[in-house]
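All remarks here apply to the structure that follows.
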Amino acid sequence: MNQNYVYIETFGCQMNVNDSERILTMLADIGYVPTDDPARARMILLNTCSVRAGAEAKVYRRLENLVVLKRHNSRLIIGVGGCVAQQEGEALLERIPKLDLVFGTHNLHLLNDMVLAAERGERKSETSFIDNDQRLDLFPPIRGTARSSSFVTVMQGCENYCSYCVVPYVRGPEISRRSGDVLHEVRQLADQGVREVALLGQNVNSYGLKSSAEPSFAELIRLVAAVDGIRRIRFFTSHPKDMSPELIACFGDVPALCGQLHLPAQSGSNNVLARMGRGYTREEYLEKVRALRAVRPDIVFTGDMIVGFPGETEDEFQETLSLMEEVRYIDLFSFAYSPRPGTRAAELADDLSRGEKQRRLEQLLAMQKRITMEINGALLGTRQTVLVEGEGKRPGQISGKADNGRTVNFSGDRSLIGTFVDLRIIQVFQNSLLGELLPG
Ligand code: SAM
Ligand code: SF4
């Protein structure tokens, strides 16, 4: 079999990061090995995101640059996958004549055939959604993991239809993977040395709700925690409305479950939450945060927040800031609202100017920066157990994650990669901590 290089660029969320790993695993079967150098590649793939207009525009700009490479390399294959591919389909091939293939979010299993066709000069687009009963067998595994931490997809798609969000349209209906398949993958990863798994899905805490044959998400966590070798579990992303009492209880009595939870609020205003169609109030959200802190006092929260949603008043924006002060997120992903075609909110007037959205975003970011530094500051001098994942920021440093998800860099030998070490935190920064090894 000929060996070819593939260069893949991933945009957007962890689902895409995970899909890119899956894509590389599959492409190995037809002789493609990954490279970090696009100039060396026989094939360049973009795994794309369309959640905001800015993310989508980035993909088009990148494609414009990449097609130029075809002038020097006529054999080069260029493909687009992920959410922009799903949204645009054939239209992408028409818009970019030098593009060779377009594969949607349900079509990874067709990719190898499409690549072989592209090698013969055929241009193809596949973006049809697959029925849920057939999709269950279409979760190709990721092979060759040599890491200490790995993603494991437990569900895909979303049916929440938050009014601003394009995900249900580009990822399709929700589907939970069979628990047997999830556990099989977790066992295999543990056998390869993986010690931490991050359970992945657009809305993991609705796992299993549609099927009486499958466990609930809380039960699934307990099953994963029982797998030999797995010492840490995280999960992304949870919808606050599906944060059940039994899942909250897991934070109190499943030691492997890390004390970090990504719980996107999106807004602190009940009016805005209602217009977003989120299905919870500010008070209900805060009640869940309180319940989680009651069972796990050191738990830290991360979240997502949107500013400038249609009709958001200054008072409603201030309610978002006051929610942030109450929750005290350790980190926050914040976005200016961006209308997305086909969503319910796109029919509302996008009435806040770009400048006003930017002003609100900057105010929010400044507040978050302060809160993050205050929380990080309280970690100074503490002892943290870190799972070492790889090279650190500076030469001679290695790095890993503490239970609370913070990245910690420290001076140490590469042989520690893949192990747990105890560190004392000696300096804190905005996005990382500096530690020193404590005698084992
Ligand atoms: N499933 C996740 C959830 O419910 O929190 C989030 C998925 S989405 C890929 C990631 C984040 O993008 C959302 O939490 C939201 O804050 C942001 N987002 C989604 N649509 C957006 C839009 N139209 N404008 C601005 N931000 C948006
Ligand atoms: Fe989008 Fe809402 Fe689904 Fe998250 S839960 S993916 S924000 S529709």
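When only alpha carbons of region 34-159 are considered, Rg and Dmax amount to 15.4, 45 Å.
A simple rule links phi to the HN-Hα coupling: the Karplus curve 6.51 cos²θ - 1.76 cosθ + 1.60 with θ = phi - 60°, which for region 422-438 gives 9, 10, 9, 7, 10, 7, 10, 10, 4, 10, 7, 10, 10, x, 10, 5, 9 Hz, with x for Gly and Pro.
If R0 is 22 Å, the Cβ-Cβ spacing of R354 and T313 corresponds to a FRET efficiency of close to 0.80. Determine the shape class of region 226-373: with a ≥ b ≥ c the square roots of the Cα gyration tensor eigenvalues, call it rounded for a/c under 1.5, and otherwise prolate if a/b is greater than b/c, oblate otherwise. Taking the square roots of the gyration eigenvalues as a ≥ b ≥ c, region 226-373 is prolate.
Can you tell me the mean projection area, over all orientations, of the convex hull of the chain's alpha carbons? Units nm², please.
Working: hull surface 87.2 nm².
Over every viewing direction, the Cα hull of the chain projects on average to 21.8 nm².
Each residue of region 49-54 was assigned a 3J(HN,Hα) from its phi angle through the Karplus curve 6.51 cos²θ - 1.76 cosθ + 1.60 (θ = phi - 60°); the sequence is 10, 10, 5, 9, 4, x Hz, with glycine and proline shown as x. Per-peptide packing, taken as the mean over residues of other Cβ atoms within 10 Å, places 326-338, 261-273 in the sequence 261-273, 326-338 from highest down. Full extension of the chain between Q192 and S211 yields a length gain of 3.8 nm, computed as 0.36 nm times the residue separation minus the alpha carbon distance.
Pairs of Cα atoms nearer than 8 Å and 6+ residues apart set the relative contact order; for the chain it is 10 percent. Label sites at K241 and F129, each approximated as a point 7 angstrom past Cα along Cα to Cβ, lie 1.8 nm apart.
Please compute the contact order of region 187-241 in relative form: average sequence separation of alpha-carbon pairs under 8 Å and at least six residues apart, divided by the residue count, as a percent.
On the way: 68 pairs, mean separation 29.0, N = 55.
Relative CO of region 187-241 lands at 53 percent.
Note on R71 and R120: their simple-model spin labels are 3.2 nm apart, each label 7 Å out from Cα toward Cβ.
What percent do you get for the relative contact order of region 331-421 when only Cα pairs under 8 Å and 6+ apart count? Relative contact order here is 20 percent. Neighbour counts of other Cβ atoms within 10 Å put Y161, Y280, Y207, Y169 in the fewest-to-most order Y161, Y169, Y280, Y207. Here the dipole of the chain is about 1020 debye; that uses its Cα centre as origin and unit charges on the Cβ of Lys and Arg (positive) and Asp and Glu (negative). Under 5 Å between amide hydrogens, built in the peptide plane, is the criterion, and for L257 it picks out I233 among residues at least 5 positions away or on other chains.
Which FRET efficiency value, to the nearest 0.05, do you get for D36 and A291 by plugging their Cβ-Cβ distance into 1/(1 + (r/R0)^6) with R0 = 41 Å?
Working: r = 45 Å, r/R0 = 1.09.
So, using R0 = 41 Å, E works out to roughly 0.40.
By the Cβ distance rule of under 4.7 Å, the chain has these cysteines without a partner: C13, C49, C83, C158, C250, C258.
Once the convex hull of all Cα atoms in region 158-306 is built, its volume per residue stands at 111 Å³. Convex hull volume of the Cα atoms of region 144-245, normalised per residue: 105 Å³. Tell me the mean residue ellipticity at 222 nm calculated for the chain from its helices only (DSSP H runs of n ≥ 4, each -39500 (n - 2.57), averaged over every residue, nearest 500). Dividing the helical sum by the residues of the chain leaves -10500 deg cm²/dmol. Region 339-385 gives an Rg/Rh value of 1.31, both radii derived from C-alpha positions and Rh following Kirkwood.
Bear in mind these aren't lab numbers, they're just calculated from the coordinates by the rules spelled out. Quick caveat, the model's predicted, so the values are computed rather than measured. Reconstructed Cβ throughout: ideal geometry from the backbone, glycine too, with neighbour counts over all protein chains shown.
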